[in-house]
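The values are calculated or read from the model by the stated rules, or taken from the named source; none is laboratory data. Just so it is clear, the structure is predicted and the values come from calculations on it, not from any experiment. Heads up, the Cβs are rebuilt from the backbone with ideal geometry, glycines too, and the neighbour counts pull from every protein chain shown.
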Amino acid sequence: MLLYLLATLELLAFPLLGAGFSDSYVEGEGILALQSLLFASLAGAHTLVLRIIQELWLSAGGVFNVDEVLQQMAFGLEDELAARMNQYQDMGSRSVGSEAPED
């Protein structure tokens, strides 16, 4: 919310400041060119930050979402755990079944 307020203030302040400086500085467009470059870079930075924040807020889909990768990783870990448990159970049943009763 604060970033939206800052962007709105920027949109309102820069044209007013540019208009005030252009009246007092008639010879060239040095000040106005500098202010337009500064305004463009600040507006671009605000837009970029707002888009990144909006993408991070999305719970599904989007650019920064890693749900699919995490799901594949979890399935791989579950498969590996199941294989190890089966191997452990097989080793336990072999050792119990191979023991002969002592007389």
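The conditions of being among the aliphatic types (A, V, I, L, M), outside any helix (DSSP H, G or I) and over 30 Å from P15 (Cα atoms) are not met by A74. Could you check S36 against (1) modelled with pLDDT under 80; (2) touching a Leu at 6+ places or on another chain (Cβ under 9 Å); (3) surrounded by 11 or more Cβ atoms within 10 Å (Cβ to Cβ) and say which number it fails? With (1) modelled with pLDDT under 80; (2) touching a Leu at 6+ places or on another chain (Cβ under 9 Å); (3) surrounded by 11 or more Cβ atoms within 10 Å (Cβ to Cβ) applied to S36, the lone miss is (2). Can we say I31 is modelled with pLDDT under 70, surrounded by 10 or more Cβ atoms within 10 Å (Cβ to Cβ) and part of a helix (DSSP H, G or I)? When the stated conditions are applied, I31 passes them. Go through D90, D79, D23 for me and flag whichever is assigned to a helix (DSSP H, G or I), over 35 Å from the mean Cα position of the chain (by Cα) and modelled with pLDDT of 75 or more. Going through D90, D79, D23 in turn, just one is assigned to a helix (DSSP H, G or I), over 35 Å from the mean Cα position of the chain (by Cα) and modelled with pLDDT of 75 or more: D90.
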